[in-house]
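Quick notes on the structure that follows.
Each value in this text was obtained by applying a stated rule to the coordinates, not by laboratory testing. Predicted, not measured: the structure shown is a model, and the values here were computed from it. So basically every Cβ, Gly included, is an ideal-geometry build from the backbone, and we count neighbours across all protein chains shown.
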Amino acid sequence: MNKVIVNFENSTDTEIGPIADAVIIGCAITNTNFSVVTELAAVAMSNTTYKADLALCKHGNNINTTNKNTAKGILVDDLRILGNEVNIQAAGDRVKALSSKFPMEKEAAHQVMEPVENFHVDTTSIAGTFLVSVRKPLTFSTHGTIFAYWDPALGPTPADKNKWFQRHSNGNSLSLHGFTPGITYPFSSAYKGLDTDALVWSATINKMAGD
């Protein structure tokens, strides 16, 4: 996406100042890609006020902290106004947008999905409970894992594992409950990528629920 980021509400105190500093330099009058004199002046003024209030916070005074937070909110608003104007004037030109020194929005990158590694299904000491687990590479650590199973009581196991019952885990293991002891269930697993990415399922593991 060839647009700059305009929402800095969640930026920390250590992040927002350097962002504003870079933007003030990038959008200066010497940058002929933009005409943002008024908007830039507002950012420069609110950034100066914010930094002064931030410096006073080291004394631990609650009033100083309140003032800093108020100044930060004003700076965030001014950056948003300037960023929106940059996006309008850049008109989708990535080179122009980058010249503003605003951070750029990133398009979501599709994960190259691969089969899970070391998929295990183990019974536990609790009747009708399975512990399912995989080895999860760091590249998928922010997306988690999908564990799937089928209940034979509902009929033949669908060939399409996307139609099985699915449980999402933010980690690399999950306890599944409520299985009937003595019944064998099929299990499979896949790493969770973006919602638009197709899951690549592991081989099926058939496991009998214990008493």
(request) Express in nm, to one decimal, how much length is gained between Ala203 and Asp160 on full extension, taking 0.36 nm for each residue of separation and deducting their alpha carbon distance. (result) 14.2 nm
(message) Give me, ordered by chain and number, the residues 5 or more places off Tyr185 or on other chains with an amide H under 5 Å from its own placed amide H.
(response) Lys207, Met208, Ala209
(request) Report, ordered by chain and residue number, the lysines lying within cross-link reach of Lys68, taken as a straight Cα distance under 20 Å and ignoring same-chain residues fewer than 8 apart. (result) Lys51, Lys58
(request) Kindly provide the helix-only [θ] at 222 nm of the chain, computed as the sum of -39,500 (n - 2.57) over DSSP H runs of four or more divided by all residues, to the nearest 500 deg cm²/dmol? (result) -11000 deg cm²/dmol
(request) State the label only: which of (1) 74, 45, 26; (2) 49, 42, 36; (3) 60, 35, 34 corresponds to Cα extents along the principal axes in Å computed from the shown model? (result) (1)
(request) Note down the magnitude of the dipole of the stretch 6-108 about its Cα centre, charges +1 on Lys and Arg C-beta and -1 on Asp and Glu C-beta and zero elsewhere, to the nearest 20 debye. (result) 200 debye
(message) Quick check on packing: order 153-159, 46-52 by the mean number of other C-beta atoms within 10 Å, highest mean leading.
(response) 46-52, 153-159
(request) Report the net charge of residues surrounding Leu54, where surrounding means a beta-carbon distance below 9 angstrom and charges are Lys +1, Arg +1, Asp -1, Glu -1. (result) +2
(message) Shape verdict for the stretch 117-208, please, from the Cα gyration tensor: rounded (a/c under 1.5), prolate (a/b greater than b/c) or oblate.
(response) oblate
(request) Can you check what the net charge comes to around Ile183, using other residues whose Cβ is under 11 Å from the Cβ of Ile183 (Lys, Arg +1; Asp, Glu -1)? (result) 0
(request) Note down the nm distance, to one decimal, between modelled labels 7 Å out along Cα→Cβ at Ala127 and at Thr66. (result) 6.1 nm
(message) Quick check for me: using +1 on Lys/Arg Cβ and -1 on Asp/Glu Cβ, what's the dipole size of the chain about its Cα centre, in debye to the nearest 20?
(response) 180 debye
